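Peer 1: So that we are looking at the same thing, I have put the structure below in structure tokens.
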Amino acid sequence: MLDHSCTVHTGRPALGTKNGTGFRWTSYGELRKLVEHCRGGLAALGVGPGDCVAIVANNSVEWAVAAYATYGLGATVIPMYEAQKPADWAFILRDSGAKVAILGSPAIRDRLRPRELGIPSFERAVTIGETGDGTFERLLETGARSPVQGRPPSAETIATIIYTSGTTGTPKGVKLSHGNIMSNIDAVHEIFDFTENDRSLSFIPWAHAFGHTCELHTLLSLGASIGINDALAHLPDNLLAVQPTVLIAVPKVFNGIFAHIHAEISRQPAIVRRVFEAAVRGALDERPRFSERLARVVAERLLFPKIRERFGGKLKYAVSGGATLSKEVAELIQTLGIVVYEGYGLTETSPMVTTNTPGHVKLGSVGRVIPGVTVKLERNPAFGGAEGEIVVFGPNVMQGYHNRPEEQAAAFTPEGGFRTGDIGTFDDDGFLHITGRIKEQYKLENGKYVAPSRVEEELRLSPYIANVMVQGANKPYNVAVVALDVEAVSRWAKERGYSIEHPTEDQRVLELIKREFTERTANLSEFERPRRFALATEDFTVENDLLTPTLKVKRARVFARYGQALEALYRQAPTAQ
């Protein structure tokens, strides 16, 4: 695939990296040369068919070069996140039997200390960002002097072992073959109309299956361009510099965009707020009123272009995966004239299983099953109605879990279908709707089943809530721990003429969050709505071990930290109804 793209699109930009205030673009021809040099360098280190090369780095040109060079030697890529803990890096290196590790910076090398790990298979660490022996620069120099012909892998060859970060337990290695990944890429070519003229700004880690397949490999297969975001704090400036046509992200990012837009609009004069709200209503109504049509005309001239300009001015598509995107968020993005393609998948399915496609978009769903794949719902009376566990059959399904035979056996049905652990239902038009996750679902005292992620997604749309976890297993009702967006709350208070020293104890903040709970959960069943909440000022992050590197809440870790506060809520007067 890469050879084809580098031949057809030789002079076109492939990968862009920050260079001062602008971006420096590596062409497809330059990318091919770098891959050839890296392949020779890895071969000189003894890497060959069946060996594993680990990459502990953020997205970069070097990341892509190292991955494609590894594939060309018949070897396997073991991607990891810079945000992971050294103990996770060490476990994955040991479990995979990695021979070489490409490290994103000297700081990672110093934290990992690979020579002290005592892993029999491990031979060499190569560091990006330095000069001299043991560096990526020297690896390329060696390969340039000792070129090695690429070895086309078979469809069955394991391309990568992606370790799912998991919300509990140790990481689990998912073995994906070249055939698995290419089946996803082929499906994209069949059902989407992306072209070589499209461009993304990349901030989903390529160590994540979504970023790995749906951005890196798929966009390069099209001859498209990928600008690499250097830091989330620089995202607004980088959007203006790269001017992407497609944004590939997880819902947390789109939720943040939604909250930011609403926060900006809330600070505008009343007339501006009314025009914006009417324009959004009119865009979603099949028969908008005259006032809504007029508001849409005004918004298209005065408001929406300014918002679109924040994304670079050329954004056409928003591709969301990794978790369920709120319908309210999708509707706002769609109102701005940006087409939302939400999909569903898992690491074990390479990852794509379903997606909305051009001409076939149903907001609130994760789309229809992609070509070549079959999905069946395994019914369980506990789920109720037409819901069932999503079971996947197809060429995208993994080759298995590395060194986990018992878990691998449990993951498949007798017919060979992969059990996703997710609960869903199909509507009459064949669109899949995700309704929960089996491991997260719990029962209240009244026997009602609750999927907490559905409730949490609604609450996270509040501009004053950075994160939230809902809990209520075997209890009379749900409660929640809320991580405040302290900056947004402080700004809210300042606009009203006062400051807040202790936001978790301030009655005005409690009332604010209570109103947010009431508004954000209005469309949920009464038994789903949390009745009480505890406030915290520290967000859930990867650094404090409350989020996985793929930004999923580690429920057990959050409960360990805030469990006593949550339990105490059942002995207090209600603060949210």
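The values are calculated or read from the model by the stated rules, or taken from the named source; none is laboratory data. Please read these numbers as outputs of a predicted model, since none were measured by experiment. Neighbour counts are summed over all protein chains in view; Cβ atoms, including those assigned to glycine, are modelled from backbone coordinates with ideal geometry.
Peer 1: Give the residues of the stretch 419-430 that are surrounded by 18 or more Cβ atoms within 10 Å (Cβ to Cβ) and under 21 Å from the mean Cα position of the chain (by Cα), sorted by residue number.
Peer 2: Residues satisfying the conditions are T420, D422, I423, G424.
Peer 1: For the stretch 1-105, list the strands (runs of 3 or more DSSP E) that sit wholly inside it and hold at least 1 residues that are at negative phi and buried (at least 22 other Cβ atoms within 10 Å of the Cβ); which are they? It would help to see each step written out before you state the result.
Peer 2: Numbers: elements: 13-19, 22-27, 52-56, 76-80, 100-103.
Filter on the stretch 1-105 gives 13-19, 52-56, 76-80, 100-103.
Peer 1: Taking E156 as meeting all but one of (1) surrounded by fewer than 16 Cβ atoms within 10 Å (Cβ to Cβ); (2) acidic (D, E); (3) part of a helix (DSSP H, G or I), write down the number of the exception.
Peer 2: The single condition E156 does not satisfy is (3).
Peer 1: Further question on the same structure: Among the residues in the stretch 182-200, are any modelled with pLDDT under 95 and buried (at least 18 other Cβ atoms within 10 Å of the Cβ)?
Peer 2: no
Peer 1: While we're here: Any idea which of T521, T550, T504 is surrounded by 13 or more Cβ atoms within 10 Å (Cβ to Cβ) and either among the aliphatic types (A, V, I, L, M) or within 26 Å of F203 (Cα to Cα) (or both)? Show your work before the answer.
Peer 2: Numbers: T521 fails: either among the aliphatic types (A, V, I, L, M) or within 26 Å of F203 (Cα to Cα) (or both); T504 fails: either among the aliphatic types (A, V, I, L, M) or within 26 Å of F203 (Cα to Cα) (or both).
The match here is T550.
Peer 1: Looking at (1) touching a helix residue (DSSP H, G or I) at 6+ places or on another chain (Cβ under 9 Å); (2) more than 30 Å from L551 (Cα to Cα), which is the one condition that is false for F258?
Peer 2: The failed condition is (2).
Peer 1: Any residue that is under 29 Å from the mean Cα position of the chain (by Cα), among the hydrophobic types (A, V, I, L, M, F, W, C) and within 18 Å of E36 (Cβ to Cβ) - is there at least one of those in the stretch 106-126?
Peer 2: Yes, the stretch 106-126 contains a residue that is under 29 Å from the mean Cα position of the chain (by Cα), among the hydrophobic types (A, V, I, L, M, F, W, C) and within 18 Å of E36 (Cβ to Cβ).
Peer 1: Quick check: is even one residue across the stretch 104-112 closer than 19 Å to A43 by Cα, in contact with a helix residue (DSSP H, G or I) (Cβ under 7 Å, 6 or more places away or on another chain) and either modelled with pLDDT of 90 or more or assigned by TED's automatic domain parsing to the domain that holds E62 (or both)?
Peer 2: Initially, the stretch 104-112 is screened for residues closer than 19 Å to A43 by Cα, giving none.
No, the stretch 104-112 contains no residue that is closer than 19 Å to A43 by Cα, in contact with a helix residue (DSSP H, G or I) (Cβ under 7 Å, 6 or more places away or on another chain) and either modelled with pLDDT of 90 or more or assigned by TED's automatic domain parsing to the domain that holds E62 (or both).
Peer 1: Cβ-Cβ distance below 6 Å, separation of 6 or more or different chains: which pairs start in the stretch 199-212 with a residue that is assigned by TED's automatic domain parsing to the domain that holds R12 and closer than 21 Å to A241 by Cα and end on one that is assigned to a loop (DSSP other than H, G, I, E, B) and of a type in the set (F, W, Y)?
Peer 2: P205/Y81
Peer 1: Considering only the stretch 439-461, I want to know if a residue exists there that is in the same structural domain as N356 (by TED's automatic domain parsing), of a type in the set (G, A, S) and within 20 Å of the chain's Cα centre (by Cα).
Peer 2: no
Peer 1: I'd like the residue in the stretch 106-150 that is in contact with a strand residue (DSSP E or B) (Cβ under 6 Å, 6 or more places away or on another chain), of a type in the set (V, I, T) and more than 21 Å from P49 (Cα to Cα) and, out of all such residues, is surrounded by the most Cβ atoms within 10 Å (Cβ to Cβ).
Peer 2: Once the filter is applied, the top-ranked residue is T127.
Peer 1: Still on this model: For the stretch 271-327, how many residues are among the basic types (K, R) and under 27 Å from L239 (Cβ atoms)?
Peer 2: Qualifying residue count for the region: 9.
Peer 1: I want to confirm something. Restricting to the stretch 211-255 and keeping residues that are buried (at least 22 other Cβ atoms within 10 Å of the Cβ), small (G, A, S) and within 18 Å of the chain's Cα centre (by Cα), which single residue is farthest from L551 (Cα to Cα)?
Peer 2: By that ranking, first place goes to G227.
Peer 1: Need the failing condition index for W89 against (1) within 17 Å of I161 (Cα to Cα); (2) at pLDDT 95 or above, just the number.
Peer 2: (2)
Peer 1: For the stretch 348-359, enumerate the residues that are surrounded by fewer than 22 Cβ atoms within 10 Å (Cβ to Cβ) and modelled with pLDDT of 95 or more. Walk me through how you get there before you give the answer.
Peer 2: Here is the first cut: in the stretch 348-359, the ones surrounded by fewer than 22 Cβ atoms within 10 Å (Cβ to Cβ) are 357-359.
Once the filter is applied, which keeps residues that are surrounded by fewer than 22 Cβ atoms within 10 Å (Cβ to Cβ) and modelled with pLDDT of 95 or more, the stretch 348-359 yields T357, P358.
Peer 1: Among the residues that make up the stretch 139-148, is at least one of them over 20 Å from the mean Cα position of the chain (by Cα), outside any helix (DSSP H, G or I) and not hydroxyl-bearing (S, T, Y)? Write out each step before concluding.
Peer 2: Our first condition is that a residue be over 20 Å from the mean Cα position of the chain (by Cα); within the stretch 139-148, this holds for 139-148.
Remaining after also requiring outside any helix (DSSP H, G or I): 146-148.
Going one step further and asking which of them are not hydroxyl-bearing (S, T, Y), we end up with 147-148.
Yes: the stretch 139-148 contains one or more residues that are over 20 Å from the mean Cα position of the chain (by Cα), outside any helix (DSSP H, G or I) and not hydroxyl-bearing (S, T, Y).
Peer 1: E387 is checked against (1) of a type in the set (D, E); (2) modelled with pLDDT of 90 or more; (3) in contact with a strand residue (DSSP E or B) (Cβ under 6 Å, 6 or more places away or on another chain) and fails just one. What number does that condition carry?
Peer 2: (2)
Peer 1: Turning to a different aspect of this structure: Just one of A483, A451, A473 is crowded, with 19+ Cβ neighbours inside 10 Å and over 25 Å from R508 (Cβ atoms); which is it? Steps first, answer last, please.
Peer 2: Working: A483 fails: over 25 Å from R508 (Cβ atoms); A473 fails: crowded, with 19+ Cβ neighbours inside 10 Å.
The match here is A451.
Peer 1: Of the residues F533, F540, which is touching a residue at least 40 places away in the same chain (Cβ under 8 Å), surrounded by 12 or more Cβ atoms within 10 Å (Cβ to Cβ) and over 20 Å from K443 (Cα atoms)? Show your work before the answer.
Peer 2: Numbers: F533 fails: over 20 Å from K443 (Cα atoms).
Selected residue: F540, the only one of F533, F540 that is touching a residue at least 40 places away in the same chain (Cβ under 8 Å), surrounded by 12 or more Cβ atoms within 10 Å (Cβ to Cβ) and over 20 Å from K443 (Cα atoms).
Peer 1: If I ask for residues that are among the small types (G, A, S) and more than 24 Å from the chain's Cα centre (by Cα), which ones from the stretch 373-406 would you list?
Peer 2: Residues of the stretch 373-406 among the small types (G, A, S): 382, 384-386, 388, 394, 400.
Scanning the stretch 373-406 gives A382, G384, G385, A386, G388.
Peer 1: Shifting gears a bit: Exactly one of (1) under 32 Å from the mean Cα position of the chain (by Cα); (2) touching a residue at least 12 places away in the same chain (Cβ under 8 Å) is unmet by Q268. Its number?
Peer 2: The single condition Q268 does not satisfy is (2).
Peer 1: Determine if the stretch 495-503 includes at least one residue that is under 30 Å from A209 (Cβ atoms), in contact with a helix residue (DSSP H, G or I) (Cβ under 9 Å, 6 or more places away or on another chain) and hydrophobic (A, V, I, L, M, F, W, C).
Peer 2: To start, the set of residues in the stretch 495-503 that are under 30 Å from A209 (Cβ atoms) comprises none.
Looking through the stretch 495-503, none of the residues is under 30 Å from A209 (Cβ atoms), in contact with a helix residue (DSSP H, G or I) (Cβ under 9 Å, 6 or more places away or on another chain) and hydrophobic (A, V, I, L, M, F, W, C).
Peer 1: Confirm whether A283 is surrounded by 21 or more Cβ atoms within 10 Å (Cβ to Cβ), closer than 26 Å to G367 by Cβ, touching a helix residue (DSSP H, G or I) at 6+ places or on another chain (Cβ under 6 Å) and at pLDDT below 90. If you could, list the steps in order and put the result at the bottom.
Peer 2: Numbers: surrounded by 21 or more Cβ atoms within 10 Å (Cβ to Cβ): yes; closer than 26 Å to G367 by Cβ: yes; touching a helix residue (DSSP H, G or I) at 6+ places or on another chain (Cβ under 6 Å): yes; at pLDDT below 90: yes.
For A283, the condition - surrounded by 21 or more Cβ atoms within 10 Å (Cβ to Cβ), closer than 26 Å to G367 by Cβ, touching a helix residue (DSSP H, G or I) at 6+ places or on another chain (Cβ under 6 Å) and at pLDDT below 90 - is met.
Peer 1: So in the stretch 1-40, with the set limited to residues that are more than 27 Å from the chain's Cα centre (by Cα) and polar (S, T, N, Q), which one is farthest from P236 (Cα to Cα)?
Peer 2: Of everything passing the filter in the stretch 1-40, T7 is farthest from P236 (Cα to Cα).
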